[in-house]
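What follows is a set of notes on a single structure, which appears directly below.
The values are calculated or read from the model by the stated rules, or taken from the named source; none is laboratory data. Model, not experiment: these values are computed from the prediction. Here the Cβ is made from the backbone with ideal geometry for all residues, glycine too, and neighbour counts use every protein chain on show. Heads up: the accessible areas ignore ligands, DNA and RNA and are worked out on the full protein's heavy atoms, side chains in. Shrake-Rupley method; radii C 1.70, N 1.55, O 1.52, S 1.80 Å.
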Amino acid sequence: MADNLINLLPGSIIRGRWSKKAYQVESLLGQGGCGAVYLVRGGEKQEIYALKISREQSLLNKEYHLLKELSIYPRIRTLGLVPQVYQLDDFWNGEKYYSYLVMEYVQGLNLQQLLKKKTQFKPREVVGIGLLLALALERIHQREYIYGDLKLENLLYNEENGQLRMIDLGGMSRVGESIKAFTPLYDRASWGQGSRKGDYQYDIFAFSMLLFILTVGKKLKPERGKDSLRKVFPLLPQDKEYGPLNKIIIQGLEQEYQNIASISQDLWYLWQSPQGKNSVLTSTSRLPKVVNAFLLFSLLFLFFSCCLFFS
Amino acid sequence: MEKTAALKQIILVTDGHSNRGESPVEVAREASSQGITVNALGLLHQGELGELGRKEIEAIAQAGEGVWDIVQAEELAQSLQMISQQSSVQTMEKLVNKQLKKVLGVESIVDIPPEKRGKVLQMLEEIGEKSYLRCVILLDCSGSMASKLELAKDSIVDLLLSLQARAGGGEIALIAFPGGRDSLAKVVSDFTQQVDALETALNSLKVRGGTPTGPALREALSLFQSCLKTPIQEESLVV
């Protein structure tokens, strides 16, 4: 919203009303309809953080609590799927009152920027991204939230180590409520494929559309017509290596999966299958390292828990 | 707290400043005093809105105690939904602030520490979600809107989809300004929940003439007044 516009110059100080902590603005990271994100320096050790400012405190409050809830899950933490959040506070900017959120500063290109660079993702990369994203969504659904505004711009991806990070969790809704924020391309109602009521299927459709865009290599314009969704299926690459992935994506878009876990299962099966493994030879993705890392962590965790339990 | 109440909103969609009829800012103030929130969306399409247009949009929203924004025509669908959503949140916050004063002795929500504020905000969102929402769209049909009209029509139908998804539901009425050869503003569709009814009404629209924003707002006020359902009862909101 235009009345959310804030213009903080580098060097200006933000002092929290409740914590009294001060942060110095270094630069503007991004500006959106709901507020702005600044790169700031603060704390005892004068460290770098991302500071999200908005007048819409219900959005920031939701994001703060959700990020805290999600960081309870070990795998979310070890895989760094969401940024760490440190503080929620307010400050008075002379004439207007703002709320702000202090978060971990995460660098990197988002999937939209990467898509522009690469023009297309290989099947194994898409499956890998899908697996990590599905894990985050599974935990979000477990907390009875619907992510709602899933899109390429909200996902940072590190091609080197295959790490995926979700940024911007402010637009979430509780299960059963209407979707609070959406982007037409990923919104099933814009494709005539269901309502804008928040249920798990809503996220599954958006998730599948995201994988579709990564695979096809471009964004589309949604239309509400009955067959407008089916008309775009042929855009998927017809090469043999894309076959099994295409099948999963289409099933997801037709909302045939009951929950995120089942689509995740199909992706995992594809990842593990001989065909999936073979495509490693054609893919430059190093995702296996991250996946193996979390398996190792889980095993170690289990091992130590058993030791503690039996000691 | 389970009582459903009606949220009353006007969303003005325009690409320029008013140039006919009474001052829209004054009518917006009047609307606000009647419990109707006036929000304003300025539309851009390969051009500029102009300083006058921008200032007027801000003034109308401020007088109407609503939300305002200026967006590209392509973003209209999401923006309409966001504006309606944010407007509801703002209305709920204002209503609750009065109750908070009585119950907790604080002036407003922001006087509760951030970490504890969550519960109140969550409750507000739930009450808002369960409330019935009545929204009047004022659609600018002046000559300059020709290139944006199709996008606008589609976005308005889309807003109805959003309102239908709310737990409390909602309905939309549509007023076009100018209304035609003989009227400054015309009620093209009374409050409706039917997508086809709204689509039919939208398809009958034509662009012509100037921008009588004030009269359009005046027409919206009459529409709300003639509505039989009860307005929000502040006393029924218990924190």
Simple spin-label model, 7 Å along Cα-to-Cβ: residue A:113 to residue A:18 in nm? 3.2
Quick one: net charge of residue A:257's neighbours, Cβ under 11 Å, K/R +1, D/E -1? -4
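If one takes the accessible area of chain A alone plus chain B alone and subtracts that of the pair, with a 1.4 Å probe, what total in Å², rounded to the nearest 100, results? Spell out each step's value before the answer.
Working: alone 15890 and 11560 Å², together 24430 Å².
Answer for the A-B pair: about 3000 Å² buried.
In peptide B:154-162, how many Cβ atoms from other protein chains are near each Cβ within 10 Å, on average?
Details: counts 4, 1, 0, 1, 7, 0, 0, 8, 9.
Going residue by residue through B:154-162 and averaging, the value is 3.
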Using alpha carbons only, how many degrees (0 to 90, rounded to 10) separate the axis of helix A:243-253 from the longest principal axis of chain A? 60
Which residues qualify? For residue B:170, with a placed amide H closer than 5 Å and at least 5 residues away or on another chain, they are B:133
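The stretch A:1-40: which trypsin sites (Lys or Arg not before Pro) are DSSP loop and have at most 12 other beta-carbon atoms within 10 angstrom? Working shown, then result.
Values: sites: A:15, A:17, A:20, A:21; in loops: A:17, A:20, A:21.
When the trypsin sites (Lys or Arg not before Pro) of the stretch A:1-40 are filtered for loop state and at most 12 Cβ neighbours within 10 Å, A:20 remain.
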Label point distance in nm, residue B:112-residue A:240, each placed 7 Å from Cα along Cα→Cβ: 6.2
So the pair-distance distribution of chain A, from every Cα-Cα distance in 10 Å bins, comes to percents of 6, 25, 32, 23, 11, 3, 0
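Can you compute the equivalent ellipsoid semi-axes for chain B, i.e. the square root of 5 times each eigenvalue of the Cα gyration tensor, sorted largest first and rounded to whole Å?
On the way: eigenvalues 191, 68, 54 Å².
Largest first, chain B gives 31, 18, 16 Å.
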Hey, could you grab the Kirkwood Rh for the protein assembly as shown? Inverse mean 1/r over distinct alpha carbon pairs, Å, one decimal. 25.0
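Please sort by residue number the GluC sites (Glu not before Pro) in the stretch A:108-212 whose DSSP state is loop and whose Cβ has at most 11 other Cβ atoms within 10 Å.
Working: sites: A:125, A:138, A:144, A:153, A:159, A:160, A:177; in loops: A:144, A:159, A:160, A:177.
Here the GluC sites (Glu not before Pro) that fit, given the DSSP loop and packing criteria, are A:144, A:160.
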With every protein chain kept in place and a 1.4 Å probe, chain A has an accessible area per residue in Å² of 46
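My understanding is that a pair violates if its Cα-Cα distance is over 20 Å; which of A:116/A:231; A:219/B:153; A:180/A:247; B:8/B:94; A:122/A:219 do that in this structure? Please list the in-between numbers first.
Numbers: A:116/A:231 24 Å; A:219/B:153 23 Å; A:180/A:247 30 Å; B:8/B:94 14 Å; A:122/A:219 17 Å.
Pairs exceeding 20 Å: A:116/A:231; A:219/B:153; A:180/A:247.
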For chain B, find the longest principal axis of its Cα atoms and tell me its angle to the long axis of helix B:51-63, 0 to 90°, nearest 10. 40
Taking only Cα atoms, what is the 0 to 90° angle, nearest 10, from helix A:260-272's long axis to the longest principal axis of chain A? 60
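Tell me the trypsin sites (Lys or Arg not before Pro) within the stretch A:84-122 that lie in a loop according to DSSP and have at most 16 other beta-carbon atoms within 10 Å. All intermediate terms of the calculation are to be shown ahead of the outcome.
Working: sites: A:96, A:116, A:117, A:118; in loops: A:96.
Here the sparse-neighbourhood loop sites are A:96.
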Taking a crude spin-label model, label points 7 Å out from Cα along the C-beta direction, the residue B:157 to residue A:48 distance in nm is 4.8
Between residue A:77 and residue B:183, how high is the FRET efficiency from 1/(1 + (r/R0)^6) when r is the Cβ-Cβ distance and R₀ = 60 Å? Nearest 0.05. 0.45
